[in-house]
1. Considering only residues that are in contact (Cβ under 8 Å) with a residue 24 or more places away in the chain and acidic (D, E), look in the stretch 135-161 and name the one that is nearest to A367 (Cα to Cα).
2. When you look at I305, is it of a type outside the set (S, T, N, Q) and more than 8 Å from the ligand (Cβ to nearest atom), yes or no?
3. In the stretch 14-32, what residues are more than 9 Å from the ligand (Cβ to nearest atom) and part of a loop (DSSP other than H, G, I, E, B)?
4. Of all residues being closer than 18 Å to S223 by Cβ and of a type in the set (G, A, S) in the stretch 321-377, which is nearest to the chain's Cα centre (by Cα)? Just the residue, please.
5. Determine whether R297 is surrounded by fewer than 16 Cβ atoms within 10 Å (Cβ to Cβ), farther than 27 Å from R71 by Cα and within 39 Å of the chain's Cα centre (by Cα).
6. Looking at K371, K333, which one is farther than 23 Å from N61 by Cα, more than 7 Å from the ligand (Cβ to nearest atom) and free of Cβ contacts under 8 Å to residues at least 40 places away in the same chain?
7. Going through the stretch 38-70 one residue at a time, which ones are of a type in the set (D, E, K, R) and more than 12 Å from the ligand (Cβ to nearest atom)?
8. Could you check L35 against (1) within 14 Å of the ligand (Cβ to nearest atom); (2) in a helix (DSSP H, G or I) and say which number it fails?
Amino acid sequence: MGGAEEQNRIAVIGSGAAGCLCAYFLLKSGLDVTLFDKNPPLLTLLPTGGGRCNLAHAEFNPKELPHNYPRGEKFLYSVFSKFSTSDTIEIFAELGVETYIQEDGKIFPVSNSSKDVRNKLLNAIKKYGGKFVQKEIKDVKELENDFDKIVISIGGHSGYDILKSYNLNIIPPKPSLVGLNTKENLSELSGISLKDVSISNMTGDILFTHFGISGPLIYTISSLNAFKKFPYVLKIDLMPNLGDLQTIFNQKPHKEIKNILSEYFPAKIVSYLLRGTDSEVRGCNINSQMRDLINNRIHEFEINITGTNKGSETVTAGGIDLDEINPKTMQIKKYPNLYCIGEVLNIDGFCGGFNLQNAWSTACVCAEGIKNTSNLP
Ligand SMILES: Cc1cc2nc3c(=O)[nH]c(=O)nc-3n(C[C@H](O)[C@H](O)[C@H](O)COP(=O)(O)OP(=O)(O)OC[C@H]3O[C@@H](n4cnc5c(N)ncnc54)[C@H](O)[C@@H]3O)c2cc1C
C-alpha cells in the first residue's frame, strides 16, 4: 500500500448499500474511489422493502436503536452515536430522496421506489467521479498494491474466501429473517395468515406456507434463534385474547363447534384444530376432554422447527467478529488499511429498516475514519 504522501486511493469491494454510501462520502471529501462488484452496482437495494426500500426505522434515539440488533448491539452504541436515523433521513434528502414514516415506524422514500433510491445514489457517485469496475475479487490482497485503503463491503451472502489471506475470526454465517421449515406438514394451511398470535411473549403475524411457517413474527423468531440447534419446538398461541372456550361454547349451545370456531378462525385452521375429533358436535354436547384438547391446540399450537427455508434469508447472522474491528473507524485492528462495513460484519437487525441502517451508519463511520487518516488538501 502507498506511503504517507499517497493515502488517497481507496478501493471499495462490494457496491451494495454500505459500499455505495461509503464511496459517496469519500468522494465528496476529495478522495479517489474505485468500486469493485461482481454484479452491477446496488442491485441488492432493488428488492428491499418489497421494492419500496425500507431504508430506516423511526427510532430516533441512538441509545435505543441498538436494541433492535440481536448481533452487534454493544458495538452499535458507538456507531449510532456518530450516524443514526436522523442522519440517514438527512443524507438521503441531500441525495434528493425525501422520506416518510409509515404507521409501523418503517421509513420509506416518498417515491416508494427502491429503483429511485438506487438511481439517486449511483448518480451522485458518478457525479463526484467514482469509478465502477465489474469484477469479482477473489482475495483482498489482489488490490493491496494499487490502493492505499480498502473497504470490504461484500454483504453477508457471498462467503468469506476473499479474506483467506488474513488471520481473522469469522463467525460462520447463519440465515436470519427467514421462514422456518416444520416437521409437521402444514401445506393444507398454506396461504393462511393469522394476526396477533403470540410466541414466547411476543405478538405478531404469521403466515403458513408450503414449507412450514413464515411472516413477521417468525422472522423475528428466526433471528433470535439464528444460532439455535435444530430441531426445536415452537409453541404458538393462535389467539391469546380468545377468552374462555367453555363460555364461548355455552353461548352457542345449538351450533356445531366447527361453526362456532369459524367465527374466530379461517375454515382451514378450524379443520386443522378439529382433526381427529367430531367437528359436528354441538356446543352444549362438548365434553371437557374435547374442550381441553381444542383449547390446547389453540393456545399451545406446537410445531417442530427442522430448519430454515433455504436461500430465502433476508440477512445473515454471523460474519467478521466485531472484536476484530475498531468501532470508531471500522478499521480491522490488525490491518489498519483494511475496513469492514455493513452485513459482512457480525451485525444483523430485525425487520423494519434496521439492516440498511447498519449499512448506512457503518459506511459513514468508515468514511470519517478514512478521511481522518488521509492527506486531504
Ligand atoms: C429480499 C430482501 C429484502 C430486504 N429488505 C430490506 C429492507 O427493506 N430494509 C432493510 O433495512 N434491509 C433489508 N434487507 C437487508 C439489506 O438489503 C442488507 O442488509 C443490505 O443490503 C446489506 O448491505 P451491504 O452493503 O452490507 O451488502 P449488500 O447490499 O449485500 O452488497 C454486497 C455487494 O458485494 C458484492 N460482492 C460480494 N462479494 C464480492 C466479491 N468477492 N467481489 C466483488 N463484489 C462482491 C455483491 O455483489 C453485492 O453487490 C433486505 C434483504 C433482502 C435479501
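Values in this text are rule-based calculations from the coordinates and carry no lab data. This structure is a prediction, so every number in the text was calculated from the model and none was measured. Here Cβ is always computed from backbone atoms with ideal geometry, including for glycine, and neighbour counts include all displayed protein chains.
1. Across the stretch 135-161, the extreme among qualifying residues is D148.
2. Here the answer is yes, as I305 does meet what is asked.
3. S29, G30, L31
4. G349
5. no
6. K333
7. E59, K63, E64, listed by residue number.
8. Tallying (1) within 14 Å of the ligand (Cβ to nearest atom); (2) in a helix (DSSP H, G or I), L35 fails exactly one: (2).
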